[in-house]
Amino acid sequence: MKFKLTSTFKIELGIKLFQIKATKDFSNVKKDDLGGWVENKNNLDQDGNAWVSGNAWVSGNAWVSGNARVSGNARVSGNAWVYGNARVTGNARVTGNARVSGNARVSGNAWVSGNAWVSGDAWVYGNAWVSGNAWVSGNAWVYGNARVSQRLCCRFEFSKTAEIELWLKHEKEFEEKLSTFHSFSTVGVIGEKK
């Protein structure tokens, strides 16, 4: 057992959340460190190095496992899973049946919801939303005020919804051209890097 629920609790949106406390050293967490907040002990895996810290909280049937971290004021709720080496930070929200995995990052005021998946080395940040049945993977970056609600190419960056719509309109043509290359990491960039 790596953590326990403390008797310290708070009520957020009608949900009773308990602060967690480490019961042993692991990763960069030391025994007796206070962590973030969970609704119940099943929200955080007792194995691995997963941790919830700061004012972050995990509720409902949501689950954080592996080496994943949820920190800042982030919230993970519903049936969402955050696992692998994923990070959810800032004021980010992961809700519904969403999955964040691999080395993915969700930060700022970003939302991942519905049945959306963010995986690989993908980043979703700023005020971006990934929802519905969307998949954002590979090295894709979605940021600014972009909204994604369907599968998205894994080799590009998007900062505006219009850019995503343009990509989806021409996706087949782009994919055919890209398939002629034998190896690539980032083939193109749409938007500006921050």
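Points to keep in mind about this one:
- For residue 176, the stated conditions hold: it is modelled with pLDDT under 85, outside any loop (DSSP other than H, G, I, E, B), surrounded by fewer than 17 Cβ atoms within 10 Å (Cβ to Cβ) and out of contact with any Asp or Glu (no Cβ under 6 Å at 6 or more places or on another chain).
- In region 79-124, the residues that are in a loop (DSSP other than H, G, I, E, B) and under 16 Å from residue 138 (Cβ atoms): 84, 85, 86, 101, 102, 103, 104, 116, 119, 120, 121, 122
- Restricting 62, 56 to residues that are crowded, with 24+ Cβ neighbours inside 10 Å, out of contact with any helix residue (DSSP H, G or I) (no Cβ under 9 Å at 6 or more places or on another chain) and under 24 Å from residue 10 (Cα atoms) narrows the list to 56.
- Screening residue 139 with (1) touching a residue at least 40 places away in the same chain (Cβ under 8 Å); (2) within 19 Å of residue 52 (Cα to Cα) gives one miss only, at (2).
- Within the option set 69, 75, being modelled with pLDDT of 95 or more, out of contact with any Cys (no Cβ under 9 Å at 6 or more places or on another chain) and under 17 Å from residue 120 (Cα atoms) holds for one residue only, 69.
- Single residue of region 65-88 satisfying the filter (in contact (Cβ under 8 Å) with a residue 24 or more places away in the chain and of a type in the set (S, T, N, Q)) that is surrounded by the most Cβ atoms within 10 Å (Cβ to Cβ): 71
- Qualifying residue in region 1-8 (condition: surrounded by fewer than 22 Cβ atoms within 10 Å (Cβ to Cβ), in contact (Cβ under 8 Å) with a residue 24 or more places away in the chain and in contact with a helix residue (DSSP H, G or I) (Cβ under 7 Å, 6 or more places away or on another chain)): yes
- Residue 22 being surrounded by 15 or more Cβ atoms within 10 Å (Cβ to Cβ) and farther than 28 Å from residue 147 by Cα: yes
- Selected residue (criterion: surrounded by the fewest Cβ atoms within 10 Å (Cβ to Cβ)) from residues of region 25-53 that are among the small types (Gly, Ala, Ser) and not in a loop (DSSP other than H, G, I, E, B): 35
- Exactly one residue out of 78, 126, 60 is more than 10 Å from the chain's Cα centre (by Cα) and under 19 Å from residue 3 (Cα atoms): that is 60.
The values are calculated or read from the model by the stated rules, or taken from the named source; none is laboratory data. Predicted, not measured: the structure shown is a model, and the values here were computed from it. In this analysis, Cβ positions are derived from the backbone assuming ideal geometry, glycine residues included, and neighbour counts consider all displayed protein chains.
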